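Following: one structure in structure tokens, then a few remarks.
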Amino acid sequence: MKARTIRRHVKESLRNLGRNGWMTFASVSAVTVTLMLVGVFFVIMMNLNKVATDIEEDVRIRVHVDIAATKEDQQALEAKIKQLADVDTVEYSSKEAELDNLIASLGDEGEAFKLFEQDNPLYDVFVVKTKEPEQLEKVAKQIEKFEFASKVKYGQDDVDKLFSFIGTSRNVGIILIVALLFTAMFLISNTIKITIVARRREIEIMRLVGATNSFIRWPFFMEGIMIGVLGSVIPIVLISTLYTYSYDYISAKLEGHFIQLLEMNPFMYQVAGLLILLGAFIGIWGSLMSVRKFLKI
Amino acid sequence: MIEMEDVYKKYPNGVVAANGINVSIKQGEFVYVVGPSGAGKSTFIKMMYREEKPSKGAIMIDGVNLAKLKESKVPIFRRNLGVVFQDFKLLPKLTVYENVAFALEVIEESPKYIKKRVMEVLDLVGLKHKSRMLPTELSGGEQQRVSIARSIVNSPKVMIADEPTGNLDPETSWEIMRIFEEINTRGTTIVMATHNREIVNTIRHRVIAIENGQIIRDEQRGDYGYES
């Protein structure tokens, strides 16, 4: 296609958008609302996923050692755990260390627990990390059978719950978004239909004088793409602004934790790219629907 | 130039508009197509510029078989063809110049060529001085001249006219016919459907009469043949 032709098509589609101002506005708004929801949903889902992965990767098995165990029994237990094929590391944490951790994690209110320093009710603990998160359950079951391992706990339950929550909300969200996508496409195709009807005579003449079908179609495609891309502008600006604030706020709270939100830098560009592409896609699809139906060429 | 062999056309609603048409039109001929309304004249004309496809038979125009022409090749075929209608089919918001230039713009000619060529054809139809006017500011005859200018701007070998004088008063009709004659003497084949007895009987050319989807008469320098 020649540059002159492209210029003509762009001019033509801009003129059409202007001519049907209110319909254009309605379709752009529909795309905006759709993409806004898609964007927010996507940002939340991706971050929940990240959090779940962070937690999953960090989960470890905590093995409480029976109070009756002697120093030798403890060492024997540690040796047995270390021999398990899927175990990565085993760390020992005495009950005094556990109490210190507890007091530190509770902050000011932890002071009260200092009373227990004389008569510590906690257990000595082995913290076991597996090579892969999926092996947690298996390893935990194996350790449970060992002598002097009184209680074996791991965070899998929490992670499972989180993952199932993410799964459910993803499905619900996808249904909602698909419905919105169709609404937006329908509005776009209607807008373009109006342009086509308004320009019926022009199109008829174009065909008589030998304009190719693609030449006739292009302005309508561009119209669709423009509506879609215009609709992605507000969501991109809003979401990246909101995310900047939320990121700063939440990261400050999470300081020092193993859980982190997705970094601004690649993530916001990915979101922006996704929204633009999605906008263009909705636009192209919407215009395809009406062009195919009303331009019988 | 134009050959029809056993052409049949049956519309989906059952109407048979062409029932075994055989005709041969040579390069440079001027042919009137006459016949009562609903006899198949329009279908005959429409099949020639591939607005309608024959149900059966072959239509060869300048070596192209329209019955087998792919949909995607139709635009290219139409560039070798000029079509003129009773209702002019001009774009009301474009000037005379732009209306004619439109035909060249949509086939992506260079602006330089467009300028030169449009002024040439406007000169031929005698509207060079009105190139900046809108169609609504012109008389019916002038509008038809613009539409003729647009149809010949591609230098087509064949020109097809569907009742080009149908909306014009007698005086203006003669004007339009003069232009057709001029175009014809330059070597363009013209096929013109008409109801205008006076024109057919005065400017004598080959006459093809169609009734019930069949050619019932085909004579050189014939007359209109119907009582009006």
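The values are calculated or read from the model by the stated rules, or taken from the named source; none is laboratory data. Predicted, not measured: the structure shown is a model, and the values here were computed from it. Methodologically, a virtual Cβ is constructed for each residue, glycine included, from the backbone with ideal geometry; neighbour enumeration extends over all protein chains shown.
Some notes on this structure:
- Listed by position, the helices (runs of 4 or more DSSP H) inside the range B:81-157 whose residues that are of a type in the set (Lys, Arg) number at least 1 are B:111-124, B:140-152.
- For A:ILE203, the requirement of being assigned to a helix (DSSP H, G or I), farther than 26 Å from A:GLU78 by Cβ and either within 14 Å of chain B (Cβ to nearest Cβ) or of a type outside the set (Ser, Thr, Tyr) (or both) is met.
- Per-region count, the range B:49-82, residues over 19 Å from B:GLN27 (Cβ atoms) and either among the hydroxyl-bearing types (Ser, Thr, Tyr) or within 9 Å of another protein chain (Cβ to nearest Cβ) (or both): 7
- Exactly one residue out of A:LYS80, A:LYS95, A:LYS71, A:LYS2 is out of contact with any Gly (no Cβ under 6 Å at 6 or more places or on another chain) and within 14 Å of chain B (Cβ to nearest Cβ), and it is A:LYS2.
- Among the numbered conditions (1) within 14 Å of chain B (Cβ to nearest Cβ); (2) part of a helix (DSSP H, G or I); (3) buried (at least 20 other Cβ atoms within 10 Å of the Cβ), the only one that A:MET222 does not meet is (1).
- Reported count of residues in the range B:128-168, each being small (Gly, Ala, Ser), over 17 Å from B:ILE45 (Cβ atoms) and more than 13 Å from chain A (Cβ to nearest Cβ), is 4.
Every residue, every condition in (1) more than 30 Å from A:TRP285 (Cβ to Cβ); (2) within 14 Å of another protein chain (Cβ to nearest Cβ); (3) out of contact with any Leu (no Cβ under 6 Å at 6 or more places or on another chain); (4) surrounded by fewer than 19 Cβ atoms within 10 Å (Cβ to Cβ), yes or no:
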residue: A:GLU134; (1), (2), (3), (4): yes, no, yes, yes
residue: A:LYS141; (1), (2), (3), (4): yes, no, yes, yes
residue: A:GLU147; (1), (2), (3), (4): yes, no, yes, yes
residue: A:LYS151; (1), (2), (3), (4): yes, no, yes, yes
residue: A:ILE166; (1), (2), (3), (4): no, no, no, yes
residue: A:GLY173; (1), (2), (3), (4): no, no, yes, yes
residue: A:ILE188; (1), (2), (3), (4): no, no, yes, no
residue: A:THR195; (1), (2), (3), (4): no, no, yes, no
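- Options B:PHE102, B:PHE85; residue that is closer than 24 Å to B:THR43 by Cα and within 11 Å of another protein chain (Cβ to nearest Cβ): B:PHE85
- Beta carbons closer than 7 Å, at least 6 apart along the sequence or on distinct chains, pair a first residue in the range A:3-26 that is assigned by TED's automatic domain parsing to the domain that holds A:ILE203 with a second that is of a type in the set (Asp, Glu) and in a helix (DSSP H, G or I) for A:SER13/A:GLU223; A:ASN16/A:GLU223; A:LEU17/A:GLU223.
- Candidates A:SER214, A:SER164 - the one that is polar (S, T, N, Q), closer than 25 Å to A:VAL10 by Cα, free of Cβ contacts under 8 Å to residues at least 24 places away in the same chain and part of a helix (DSSP H, G or I): A:SER214
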